[in-house]
Structure formats: C-alpha cells, structure tokens
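Notes for the one structure printed next.
The values are calculated or read from the model by the stated rules, or taken from the named source; none is laboratory data. Please read all numbers here as calculations on a predicted model, not as lab measurements. Every residue, glycine as well, gets a Cβ built from its backbone with ideal geometry; the counts of neighbours run over all protein chains shown.
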Amino acid sequence: MNAHYGIDSASTPQALDEEFKRRARKPSAAAASAMLARGRTVAYRNSDTPNGYVIRKHPDGRTEIVKIDLEMPGASTAR
C-alpha cells in the first residue's frame, strides 16, 4: 500500500481508475458548491448523464440537461 496516497499498489488498473475518479469528484463537488454560492452556474456530468450532454446547475437551484454539439464549436442546446 502506498502510505502517502492510501492506495493498495497491488490493485488492478480498473480499481485504481475507479479510486482516482472517486477522489477527483470530491474536490469538484466542493468547488461547484463554492461557485454556486458565489452566484455562478456550473456544468458537470454524473455517471448516468447521457453521452454528449452535461448538467447545468444554476445558483437558484434550477438544473437543465444540455446537449453539447461538438460539430459546431461554442454551440449547445438546453432541453
């Protein structure tokens, strides 16, 4: 086990990937909450968010799922 990171060095690559993703979400959730508290809108994806979409959350609590159009840079469509 790597004492610095608390990860078993004998873990499979898949297990390490899942652990990395789990840890990466924690600071992101805290950063998103801080942005919302400052009145900023945030966009994020959950594991069940459809491909090509993000979730946009507004400071007033509204959420929308937004399709990201990669064919046309800068274009997105809220639904």
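In table form, for the structure just shown:
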| item | result |
| --- | --- |
| Pair list, Cβ under 7 Å, 6 or more apart: region 53-79 residue small (Gly, Ala, Ser) and modelled with pLDDT under 95, other residue loosely packed, with under 13 Cβ neighbours inside 10 Å and assigned to a loop (DSSP other than H, G, I, E, B) | Ala75/Asp69; Ser76/Asp69 |
| Residues of region 23-52 satisfying the condition of being in a helix (DSSP H, G or I) and modelled with pLDDT of 80 or more | Ala29, Ala30, Ala31, Ala32, Ser33, Ala34, Met35, Leu36, Ala37 |
